Amino acid sequence: MNTQQAESAHSLYSFYETLPNEIQQAFLEELLNKKHQEIENMAFALACKQAKDENQFLGEQETQEFIQNLSQ
């Protein structure tokens, strides 16, 4: 993400924070309804990046449990 994109994203979030709670809630519901899979994928990618940055890796047992849970 370049600087202009980051600034735009920050500005949009700042605007979001100024909205009344009911509007924020409605927006989040709309966002989740329309972009559910994209949000899940992004959350997963960010969690993986954070784990890698913190040198936190799954053990063999945790890896197998995680893979099994994916298919459910």
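Hey, what angle do you get for helix 21-53 against the long axis of the chain, alpha-carbon based, 0 to 90 degrees rounded to 10? Helix 21-53 sits roughly 40 degrees off the main axis of the chain. Relative to the first principal axis of the alpha-carbon coordinates of the chain, what is the inclination of helix 60-70, with its axis defined by its Cα atoms, in degrees from 0 to 90 and to the nearest 10? Helix 60-70 sits roughly 50 degrees off the main axis of the chain. Considering only Q24, Q61, Q50, the mean-square fluctuation computed in a Gaussian network model of the chain, springs between alpha carbons under 10 angstrom, is largest for Q61. The candidate values were (1) 1.51; (2) 1.13; (3) 1.58; the one computed from these coordinates for Cα Rg over 2.2 N^0.38 Å carries the label (1). Could you work out [θ]222 nm for the chain from helices alone, using -39500 (n - 2.57) per DSSP H run of at least four and dividing by all its residues? Round to the nearest 500 deg cm²/dmol. Counting only the DSSP helices, I get -28500 deg cm²/dmol. Simple point charges give the picture: +1 on the Cβ of Lys and Arg, -1 on the Cβ of Asp and Glu, and for the chain a dipole about the Cα centre of about 200 debye. Cross-link partners of K52 among aspartates and glutamates, defined as those whose alpha carbon lies under 20 angstrom from its own and excluding same-chain residues fewer than eight positions apart: E40, E60, E62, E65. Can you tell me the 0 to 90 degree angle between the C-alpha axis of helix 3-18 and the longest principal axis of the chain, rounded to 10? Rounded to the nearest ten degrees, it is 70. Modelled spin labels at N41 and T63, positioned 7 Å past Cα toward Cβ, are 2.5 nm from each other.
Since every read-out is calculated from the coordinates, none of them should be taken as a lab result. In this text the structure is predicted, and so the values were computed from the model without any measurement. Cβ sites come from the backbone with ideal geometry, for glycine too, and all protein chains shown count toward neighbours.
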